[in-house]
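Just below is one structure, and these are the notes that go with it.
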Amino acid sequence: MESTAKKNKKQKGSPENEVFQKIISHCKEYGFVFQSSEIYDGLQAVYDYGQNGSALRNNLQQAWWLAMTRLNDNIVGIDAAIFMHPTTWQASGHIEGFNDPMIDNKDSQKRYRADQIIENRAEQYEKEGDKEKATALVDKMNDLLKKEDLEGVRNLIIEENIVCEISGTANWTEVRQFNLMFSTKIGSVDNEASEVYLRPETAQGIFVNYLNVQKTSRLQPPFGIAQVGKAFRNEIVARQFIMRMREFTQMEMQFFIKPGTQKEWFEKWKENRHKWHLAIGTPADKLRFHVHDKLAHYADAAEDIEFNYPIGWKEMEGIHSRTDFDLKQHEEFSKKKLRFHDAQAKENYIPYVIETSIGLDRLFLSVMSNAYQEIESTNDKGNVEKRIVLSFPAPLAPTKVAVFPLTKKDGLPEKAMEIVNDLKLDLETFYEESASIGKRYARQDVVGTPFCVTVDHDTLEDNTVTLRYRDTMEQIRIPISELKAKLLHECSMSRILEKLV
């Protein structure tokens, strides 16, 4: 199996890719993301989150969850099982239609997604200034895929003279469809076991629980159900670090509405989700909406929120108007009524659905990409020094505050530990006493800790400490009695939520 280092080396080249590679290396070196099973040369497209990465993910998840459920009286959360009855996936269309068009290069044996390599050629045309040609190419591809004309897709690749990035040849196989769902057996004896699937999306767990939640919560449309959970897709072509993985986490909310109101609610949720990304510190110029050229058969509107990663604009979140397709399908296959009875209007209807769906892993990568900074400055000797900083917003940072005694003697460590013990019940706190203060500051900068507290000899005299800010390197003197309240205010998740009210 090809090692991560070898794969990464192949991707290097452009300045953008160099930045991306630095972020990948930083993630590993400082405990954010590791290759899964790395001691066995890794498992492709599967990653583990380290101590800092898991903390950052948890904070991002909390920021999303609180924004959905705490700020909206008509949205509740659930946690549906990964395993679901197999008929679920027949009703949703995943068994028949959850496929990607794949093509192989006969010389290199490398497999590609046919639609992606055509889209890459279209992006090349757009960068060259020929947007009309790029649009025409994508439209032609979408038309062929809609007709399921896979031979036409292959011919389009050949017409465009698209070659394999490894062999440099256009010796292509036919295009084939691959189903992306993982299947397994459930049951104690193999010949009695039933085939089930690892869910390829979390949304169906919400749809099959729609009636349970509606009745037990006594909510009526418009109302939403939110969920965070793992999903699994057998990606044949996995690439670009945690952008595309076989095991990933989705944060989804399905909003159930009265038919005919979907356009209004679609626009409202577009605005709401864009506002949330700004609230967590994403710059406006790194976000944009992308209207789907090709709608799913069940949708009447779909747009993506894209982020400008170091490797270009990529989808991070989708907002979809799914009509009544999902509940109608589950009603048909389950033979259970999933309609809402509006007593006031004296009517029954199957609700329409507006979906917001964001990949936590892609969100994580966008926050890492935005936070990573290389800052050059000139020291007292006139030498240029490079300082690497992860400038996370304080509520999202894995560690909120680091506490340092200036020296290891004179009672300073004991005083510092008193402060740690006072803070650690409310804030993620780190203690260190080795190396110089400057080196200790630098160690916290590279993992994104927003505040450092230094205990010195003056502390023993007047009960004040030095509070150092990561981004500005400003240092202020503050009484210990005021420290906790200040840090709690700066690091509270309410700093994000208040921007959404």
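Do you know which of the residues in segment 116-137 that are among the β-branched types (Val, Ile, Thr) and under 25 Å from LYS106 (Cα atoms) is surrounded by the most Cβ atoms within 10 Å (Cβ to Cβ)? Ranking the qualifying residues of segment 116-137, first place goes to ILE118. Flag: ILE358 does not match the condition of being in a strand (DSSP E or B), among the β-branched types (Val, Ile, Thr) and open to solvent by 10 Å² or more (accessible area, probe 1.4 Å). With the requirement that a residue be surrounded by fewer than 19 Cβ atoms within 10 Å (Cβ to Cβ) and among the aromatic types (Phe, Trp, Tyr), what does segment 62-97 give you? Passing the criteria: TRP65, PHE83. Looking across segment 259-313, the residues that are charged (D, E, K, R), open to solvent by 80 Å² or more (accessible area, probe 1.4 Å) and either in contact with a Phe, Trp or Tyr (Cβ under 6 Å, 6 or more places away or on another chain) or not in a loop (DSSP other than H, G, I, E, B) (or both) come down to LYS263, GLU264, GLU267, LYS268, GLU271, LYS275, ASP285, ARG288. From the list ILE225, ILE242, ILE186, the one residue that fits, being in contact (Cβ under 8 Å) with a residue 12 or more places away in the chain, among the β-branched types (Val, Ile, Thr) and touching a Gly at 6+ places or on another chain (Cβ under 8 Å), is ILE225. Taking segment 146-175 as the range and being over 29 Å from HIS297 (Cα atoms), of a type outside the set (Val, Ile, Thr) and at pLDDT 90 or above as the test, the residues that pass are ASN161, CYS164, SER167, GLY168, ALA170, ASN171, TRP172. Could we say that GLU148 is among the acidic types (Asp, Glu), within 27 Å of HIS94 (Cα to Cα), surrounded by fewer than 13 Cβ atoms within 10 Å (Cβ to Cβ) and in contact with a helix residue (DSSP H, G or I) (Cβ under 9 Å, 6 or more places away or on another chain) here? No; evaluated as a whole, the condition is false for this residue. Among the strands (runs of 3 or more DSSP E) confined to segment 44-106, the ones with at least 2 residues that are of a type outside the set (Phe, Trp, Tyr) are located at 75-77, 99-104.
Based on this model, can you work out whether ASN59 counts as surrounded by 13 or more Cβ atoms within 10 Å (Cβ to Cβ), modelled with pLDDT of 95 or more, polar (S, T, N, Q) and over 16 Å from the mean Cα position of the chain (by Cα)? So ASN59 fails the test.
With respect to THR472, determine if the residue is under 27 Å from GLN373 (Cα atoms), out of contact with any Phe, Trp or Tyr (no Cβ under 9 Å at 6 or more places or on another chain), open to solvent by less than 50 Å² (accessible area, probe 1.4 Å) and without any contact (Cβ under 8 Å) to a residue 40 or more places away in the chain. Here the answer is no, as THR472 does not meet what is asked. The numbered conditions (1) under 29 Å from TYR309 (Cβ atoms); (2) open to solvent by less than 10 Å² (accessible area, probe 1.4 Å); (3) hydrophobic (A, V, I, L, M, F, W, C) are all true for VAL228 except (2).
Filtering segment 317-351 to residues that are open to solvent by 50 Å² or more (accessible area, probe 1.4 Å) and closer than 27 Å to TRP276 by Cα leaves nothing.
Yes/no matrix, rows are residues, columns are (1) touching a residue at least 24 places away in the same chain (Cβ under 8 Å); (2) farther than 30 Å from ILE103 by Cα:
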| residue | (1), (2) |
| --- | --- |
| SER194 | yes, yes |
| LEU198 | yes, no |
| ASN209 | yes, yes |
| THR216 | no, yes |
| ASN234 | yes, no |
| MET251 | yes, yes |
| PRO259 | yes, yes |
| LYS263 | yes, yes |
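If the condition is being without any contact (Cβ under 8 Å) to a residue 24 or more places away in the chain and surrounded by 15 or more Cβ atoms within 10 Å (Cβ to Cβ), then segment 479-501 contributes no residue at all. Looking at GLU247, GLU252, GLU271, which is the one that is of a type in the set (D, E, K, R), touching a helix residue (DSSP H, G or I) at 6+ places or on another chain (Cβ under 8 Å) and more than 25 Å from VAL138 (Cα to Cα)? Matching residue, one of GLU247, GLU252, GLU271: GLU252.
The values are calculated or read from the model by the stated rules, or taken from the named source; none is laboratory data. Fair warning: this is a prediction, and the values are worked out from it, not measured in the lab. Cβ atoms come from the backbone with ideal geometry, glycine included; neighbour counts cover every protein chain shown. What goes into the accessible areas is simple: the full protein's heavy atoms, side chains included, and nothing from ligands, DNA or RNA. Shrake-Rupley method; radii C 1.70, N 1.55, O 1.52, S 1.80 Å.
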